[in-house]
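Every number here is computed from the coordinates shown, using simple stated rules; none is lab data. Note that the structure is predicted; figures quoted are calculated from it, not measured. Cβ coordinates were reconstructed from backbone atoms using ideal geometry, including for glycine residues, and neighbour counts include every protein chain displayed.
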Amino acid sequence: MSLFLSSYENRLDTKGRISVPASFRASVASEKFVGVVLYRSFTHNCIEGLSMSRMEQLASATDKMGVFDSNLDDLSALLFADARPLAFDVTGRIVIPEDLLKHAGIKDSALFVGRGNSFQIWNPDEFKKVQDNSLNNLRASRPNLVI
């Protein structure tokens, strides 16, 4: 299973290409599809990213929903219709489609943020605000993980 850790800021070049962090590329190196799948986040103004095998797990999870469930319609429209499988070029770069960049407010540089089984791509300034808020929330709630 792919594991995405840490945060990395990279710049978009003049052709719209951006390097995917080496550790993220290594996480998907043994996958059938050596690249990433991106789609617009529906919880934040960022881009969600994951491996193809994780996308397949999401597809299996939606199979358990009712065929006529309106949430299934919404999830399918976002997760599958909006998803972009992007293979790495020889130097480990991808071209993030313009509509995804616009959704996340990314212009010159982007922050790749590991989230365990997935990752997000943020406008670096916006993520700082979200991360500070998350820290305050966690300090207040002090969640307990059972391992």
With Cα springs under 10 Å, the Gaussian network model of the chain assigns the largest mean-square fluctuation among 130, 95, 36 to 130
Label model pair residue 8, residue 31: point-to-point distance (7 angstrom along the Cα→beta-carbon line) in nm is 1.4
Computed ³J(HN,Hα) along segment 134-140: with the Karplus parameters 6.51/-1.76/1.60, θ = phi - 60°, integer Hz and x for glycine or proline, the list is 4, 4, 4, 4, 5, 4, 6
For segment 85-92, in residue order, the Karplus 3J(HN,Hα) values (coefficients 6.51, -1.76, 1.60; θ = phi - 60°; whole Hz; Gly and Pro = x) are x, 10, 7, 6, 7, 5, 9, x
Per DSSP loop assignment and a cutoff of at most 15 other beta carbons within 10 Å, the chain keeps its longest run without exposed chymotrypsin sites (Phe, Trp or Tyr not before Pro) at 69-147
Per DSSP loop assignment and a cutoff of at most 14 other beta carbons within 10 Å, the chain keeps its longest run without exposed trypsin sites (Lys or Arg not before Pro) at 65-106
Segment 10-34 and segment 74-147 have their Cα centres apart by a whole-number Å value of 14
If one builds a Gaussian network model of the chain from Cα atoms under 10 Å apart, the most fluctuating residue listed among 131, 57, 120 is 131
The extension gain from residue 130 to residue 42, computed as 0.36 nm times the residue separation minus the Cα-Cα distance, is 30.2 nm
quick shape note, segment 28-88: Cα extents on principal axes in Å, largest first -> 36, 26, 15
Using the Kirkwood formula on alpha carbons, the hydrodynamic radius of segment 1-128 in angstrom works out to 14.9
Mean-square fluctuation maximum in Gaussian network of the chain, Cα pairs under 10 Å, restricted to 81, 26, 104, hits 81
